[in-house]
Each structure stands twice: as structure tokens, then as C-alpha cells.
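Data first, discussion second: the structure below is written as C-alpha cells.
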């Protein structure tokens, strides 16, 4: 009986050691980054839209908002497709039409405000210079101010260097959010052939299998 228990204990220790060795090898392997135990290979193409993903067309976006997205993206950041701005605006406030707390006035439960759902300090950092047609002083509830500030924020967080997934993740630290925004942007016409991960990405794509 003692011998049997000893064998089981040794086998358990060997299995545990093997697990940690395998984990260490993966963690040290080139081109991998971890988030919640999932790895994303560097240089890989972003995931294609998943079955059952967003399919909303551009017709659901108010014309005025389309104009803002189309002007703010290239006017702020050459690496930022306007479709990413449009997707974020759709997710955050249904392009400014939502009546949820914090969109038209006040703040939501997390303290976010306005059309693109900014924290006050973040909006203050990226709201200037005031874009043409914006409010002065800038307001997160003003669509022009909010969209241009969002474009500047995304640019600073990685879009300028081509790291669109990283920029979206910085906007809202959720892999599911990144996938939702990405799929909407693709549905809005964003080309994906020239978009890829650059460097190590601390993201776990919920759309990947």
C-alpha cells in the first residue's frame, strides 16, 4: 500500500513538472503573447468575421455621423480606417442615438460620458485642438468633439503604427470588445488584407478557435 501511494505521488510530481516545463517553453517561444491563458501569434492576420457576428450595414448609421467618421480618421491618423471609428461609435452609443445613461448627459455606472463614452480625464487630454464645427469648450456630448477625440486616442494607442487591434483593446480592455468592433468594421467595409498584428499582442481573440 505504501509502495502504491509512493508511485502515484511520483507520477503526479512528474506530470506537474511536465506541465510547468511545457508552459515555460510556450511562454518563451517567439511570437506568442498571453492574455487569460490564450496566445496570439505575432504577424498573424486578424480573424475573419465569425458566424453570427455583426452584419449591420452603413445604412444604420446617421449620415452626419458617417461624415464625422470619414473626416476624423484620415484627418487625424493615416493608419486609422474610418470604419473602426464607426464601429466603436456604434458599440458605445449607437452612433449618438442611444438613450442609455451617460450618452446624452451625465455618466454611466463606470463614469464614461458622451457619444464615444470617454472618461472625463481622457477626453480632456484628447479633445484639443477643437475640430471645425465642434463645441468650444469641447464636450464629450458633442458628436464632432467626441469623434475627433476618439480618433486621436486610437492613433496614440497604436493605430498610427498599424496596431489596430491593440488600439481597440486600449479603448476597452476586453478581447470580446475588440472582436465585436473588428467584425463591425469589416461589415462596414474595412479591408483586412493589409491589416495584421505587429509585434507581441496581449490579446485573446474570442473569435479564434
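Structural remarks
- Test result for residue 83, out of contact with any strand residue (DSSP E or B) (no Cβ under 8 Å at 6 or more places or on another chain), assigned to a loop (DSSP other than H, G, I, E, B) and assigned by TED's automatic domain parsing to the domain that holds residue 57: no
- Within segment 130-145, the only residue that satisfies the criterion of being closer than 15 Å to residue 65 by Cβ, surrounded by fewer than 22 Cβ atoms within 10 Å (Cβ to Cβ) and out of contact with any helix residue (DSSP H, G or I) (no Cβ under 7 Å at 6 or more places or on another chain) is 141.
- Filter pass, residue 102 being touching a strand residue (DSSP E or B) at 6+ places or on another chain (Cβ under 8 Å), assigned to a loop (DSSP other than H, G, I, E, B), assigned by TED's automatic domain parsing to the domain that holds residue 80 and touching a residue at least 12 places away in the same chain (Cβ under 8 Å): yes
For (1) modelled with pLDDT of 95 or more; (2) surrounded by fewer than 23 Cβ atoms within 10 Å (Cβ to Cβ); (3) not assigned by TED's automatic domain parsing to the domain that holds residue 62, each residue gets a yes or a no:
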| position | (1), (2), (3) |
| --- | --- |
| 150 | yes, no, no |
| 173 | no, yes, no |
| 195 | no, yes, yes |
| 198 | no, yes, yes |
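- Residue list for segment 134-152, restricted to those being assigned to a helix (DSSP H, G or I) and either more than 12 Å from residue 88 (Cα to Cα) or touching a residue at least 60 places away in the same chain (Cβ under 8 Å) (or both): 143, 144, 145, 147, 148, 149, 150, 151, 152
- Criterion violated by residue 121 - all others in (1) loosely packed, with under 14 Cβ neighbours inside 10 Å; (2) part of a helix (DSSP H, G or I); (3) at pLDDT below 95 satisfied: (3)
The values are calculated or read from the model by the stated rules, or taken from the named source; none is laboratory data. Just so it is clear, the model here is predicted, and its values are computed rather than measured. Every residue, glycine as well, gets a Cβ built from its backbone with ideal geometry; the counts of neighbours run over all protein chains shown.
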